[in-house]
Structures are given as structure tokens and as C-alpha cells.
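Presented below is the structure to which this report refers.
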Amino acid sequence: MTDANGIPLAAKATAANEHDVNQLLPLVVSVPPVGGKPGVPRRLPVRVQGDRAYDSEDHRRILRWLGVTPILARRNTDHGSGLGVHRWVVERTLSWLHQYRRLRIRYERRPDIHQAFVDLGCILICYKCLIGSFC
């Protein structure tokens, strides 16, 4: 999960045979508090955008209950929903993660070690955004 600039907010490595929609809510809830404006830090994003893999009315209902606006493409509809205009930010962040060899090809058998490398890659992306190399 990234913000609008492509900075990773939360990342979770899962098995290749798991559906994306099953990881939507755990990922949204795992976003740490984001400060910036005076007051209580915001814990949940304002809206969540996703492609057709995240299409589920139950998940839309839960997101609305949490106060998050779901912008999810619907299955079995014509293409051209406009989400691709914003999707490239996430794809760019994934390509930044794949610059690291350990993440491009998974060498670790243990998922906790692979998750540690994913977290380390996200930390490096955030650092490079802070010093001005990325973003």
C-alpha cells in the first residue's frame, strides 16, 4: 500500500496462490499513524484505490464502515474506469522494490525473512525519497 506519491505505507508478503482481496483489510488496518497536521494522527487512509482483483461488496461495506472511501474497479465491466491513471504510482513503487535482487527473485524459504527484506526495501525507498533520489 502506497500513498499518492508512491511512498510505501504498509507491505505484506504473501504466498503466490492467495487472492489479493483477502489481504485488503489487514493491509489497510496495518498502516501506521501518519502525522503532519495538528491534532490526532490519522490511522486510516481517506480512500483506497484498487483494481478488479479487489472487487468485493463485503469489503466495500467494511471499508465504508471504517470511514474509508473505496474506489475499486468492478469486475465484468468495460475497461476505462480511470484507475490506471493513478495505478502507475503503485507499479512504479513495485519496480523500485524489484531493483533489489533479494526481492526480485525470492531466495528465502522462510516467510518472516522475506518479509524482513520487503520491509528493508520499503525503508530504503522512504530514505531515498527523503534525500531526494526518488519521488
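Does Val89 qualify as being among the hydrophobic types (A, V, I, L, M, F, W, C), under 29 Å from Ile113 (Cβ atoms), out of contact with any Cys (no Cβ under 6 Å at 6 or more places or on another chain) and not in a loop (DSSP other than H, G, I, E, B)?
Answer is yes for this residue.
Considering (1) within 19 Å of Lys12 (Cβ to Cβ); (2) out of contact with any helix residue (DSSP H, G or I) (no Cβ under 6 Å at 6 or more places or on another chain); (3) of a type in the set (Asp, Glu); (4) surrounded by 12 or more Cβ atoms within 10 Å (Cβ to Cβ), say which one Glu108 fails and leave the rest. In the conditions (1) within 19 Å of Lys12 (Cβ to Cβ); (2) out of contact with any helix residue (DSSP H, G or I) (no Cβ under 6 Å at 6 or more places or on another chain); (3) of a type in the set (Asp, Glu); (4) surrounded by 12 or more Cβ atoms within 10 Å (Cβ to Cβ), Glu108 misses (2) alone. State which residue pairs qualify: first residue assigned to a loop (DSSP other than H, G, I, E, B) and inside the range 36-65, second residue modelled with pLDDT under 90 and small (Gly, Ala, Ser) in any location, beta carbons under 8 Å apart, and separation of 6 or more residues or different chains. Close Cβ pairs satisfying both conditions: Pro41/Gly35; Asp51/Ala73; Asp55/Ala73. Comparison of Pro32, Pro8, Pro26, Pro70 shows that the only residue that is at pLDDT below 90 and of a type outside the set (Val, Ile, Thr) is Pro32.
The values are calculated or read from the model by the stated rules, or taken from the named source; none is laboratory data. Please read these numbers as outputs of a predicted model, since none were measured by experiment. Neighbour counts run over all protein chains shown; Cβ positions are idealised from the backbone, glycine included.
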